[in-house]
């Protein structure tokens, strides 16, 4: 199977430690991360994706459809694509690898791919996780230093 993801969720996944808008959202997010960790591929979508579904189901006015969030998607896709060397465009399919996640986390910690994070309510948490070198992250956790 393939997991549909929107642009800015490539950044959110890097620091996901189990927090969410509500418990149902976090449980659904955990399931998506487990599937990615098992090697499932990603298909880039425009708009609401697999992560959004739990929020959409329980929120009468989800932010997932706003222009502000779509702009965040475009910015993140451009930054992530430039870093990884391939376009993150609607319909593109690929897998996240330990190497690509490590590269993304390094750039995220250095704040070179965080333009989409401006005004995000989760930005402070993500900054703390990145500065502490990603303890407790659920997507392909970093290998311990030897």
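The values are calculated or read from the model by the stated rules, or taken from the named source; none is laboratory data. What you see is a predicted model; the values in this text were computed from it and never measured. Here Cβ is always computed from backbone atoms with ideal geometry, including for glycine, and neighbour counts include all displayed protein chains.
Sub-6 Å Cβ pairs linking a first residue in segment 71-89 that is farther than 15 Å from residue 105 by Cα to a second residue that is part of a helix (DSSP H, G or I), at least 6 apart or interchain, are 72/116; 75/115; 75/116; 87/81; 88/77; 88/80; 88/81, ordered by first then second residue.
Restricting 103, 96 to residues that are more than 17 Å from residue 74 (Cα to Cα) and without any contact (Cβ under 8 Å) to a residue 60 or more places away in the chain narrows the list to 103.
Would you please name the residue that is farthest from the chain's Cα centre (by Cα), looking only at residues in segment 27-47 that are surrounded by 17 or more Cβ atoms within 10 Å (Cβ to Cβ) and closer than 16 Å to residue 137 by Cα? That would be 28. Take residue 96 and decide whether it is modelled with pLDDT of 95 or more, surrounded by 12 or more Cβ atoms within 10 Å (Cβ to Cβ), in contact with a strand residue (DSSP E or B) (Cβ under 7 Å, 6 or more places away or on another chain) and closer than 30 Å to residue 132 by Cβ. Against the criterion (modelled with pLDDT of 95 or more, surrounded by 12 or more Cβ atoms within 10 Å (Cβ to Cβ), in contact with a strand residue (DSSP E or B) (Cβ under 7 Å, 6 or more places away or on another chain) and closer than 30 Å to residue 132 by Cβ), residue 96 does not qualify.
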